[in-house]
Amino acid sequence: EAGVAQSPRYKIIEKRQSVAFWCNPISGHATLYWYQQILGQGPKLLIQFQNNGVVDDSQLPKDRFSAERLKGVDSTLKIQPAKLEDSAVYLCASSLASTGNEQFFGPGTRLTVL
Amino acid sequence: GQNIDQPTEMTATEGAIVQINCTYQTSGFNGLFWYQQHAGEAPTFLSYNVLDGLEEKGRFSSFLSRSKGYSYLLLKELQMKDSASYLCAVPTGGKLIFGQGTELSVKP
């Protein structure tokens, strides 16, 4: 079974530029998550999708971050414009359902904002 | 609100046993997860406890006490490859809240 795929693996941009990350979850997983993990901290949930609907985006900085999962399968996360403090690893995860289910993580995208 | 506490870092010797503690305060309880994360890699699932007691899985065991809001991960016969960050996480409102992680260094 293929795991969660993410691209790119690494990205370096200058502040105020835009960037987009892509995630393809495990086939059949209805729930998709985007996390931000700053160095030395645990992952922090940015947004959670159930199929193509948003379940929780309470911690997404909506003035600069956006995410979509139009067909309920793959998803993109965008930052526009980026700030220095956005430097982090962006992890995508998926699970069969949202409660009490193991989440499977992708390899992450390491973003460096200069 | 939710609060999860873990030690920031621990050091242990190859072949030894180490216990990584996690305390949590949540509104409602739907189990507790432990994940392992090697440097530069994604977290991988280790265990999920929903009932009190110890669950053993090879060299790794996880314990939960719901009344005390406490869990620990026990690693036996430590190997160098066990050097990693260990994340405690509790699901709440359908999402996972992670602790900051415990960075474990295994020395020869």
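The values are calculated or read from the model by the stated rules, or taken from the named source; none is laboratory data. Note that the coordinates shown come from a computational prediction; the quantities given were computed from them, not determined experimentally. A quick note on method: Cβ atoms are made from the backbone with ideal geometry, for glycine too, and the neighbour counts reach across all protein chains shown. Quick note on the areas: whole protein, heavy atoms, side chains included, nothing else; ligands and nucleic acids left out. Shrake-Rupley method; radii C 1.70, N 1.55, O 1.52, S 1.80 Å.
Some values worked out for this structure:
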| item | result |
| --- | --- |
| Qualifying residue in region B:56-66 (condition: more than 11 Å from chain A (Cβ to nearest Cβ) and closer than 28 Å to A:SER58 by Cα) | yes |
| Residues of region A:76-114 satisfying the condition of being among the aliphatic types (A, V, I, L, M), within 9 Å of chain B (Cβ to nearest Cβ) and over 20 Å from A:ASN52 (Cα atoms) | A:VAL89 |
| Any chance A:VAL89 is out of contact with any His (no Cβ under 6 Å at 6 or more places or on another chain), assigned to a strand (DSSP E or B) and either of a type in the set (D, E, K, R) or touching a residue at least 12 places away in the same chain (Cβ under 8 Å) (or both) | yes |
| Single condition B:PRO43 does not satisfy, out of (1) over 10 Å from the mean Cα position of the chain (by Cα); (2) buried (at least 17 other Cβ atoms within 10 Å of the Cβ); (3) farther than 12 Å from B:ALA89 by Cα; (4) not hydrophobic (A, V, I, L, M, F, W, C) | (3) |
| Some residue of region B:21-36 being within 14 Å of chain A (Cβ to nearest Cβ), crowded, with 17+ Cβ neighbours inside 10 Å and in contact with a helix residue (DSSP H, G or I) (Cβ under 9 Å, 6 or more places away or on another chain) | yes |
| Options A:GLY72, A:GLY108; residue that is open to solvent by 10 Å² or more (accessible area, probe 1.4 Å) and of a type in the set (Gly, Ala, Ser) | A:GLY72 |
| Residue among B:ALA39, B:ALA12 that alone is away from chain A (no Cβ under 12 Å) and either of a type in the set (A, V, I, L, M, F, W, C) or in a loop (DSSP other than H, G, I, E, B) (or both) | B:ALA12 |
| So B:LEU96, is it of a type in the set (A, V, I, L, M, F, W, C), open to solvent by less than 40 Å² (accessible area, probe 1.4 Å) and assigned to a strand (DSSP E or B) | yes |
| Failed item, numbered, when B:SER85 is tested on (1) in a loop (DSSP other than H, G, I, E, B); (2) under 15 Å from the mean Cα position of the chain (by Cα) | (1) |
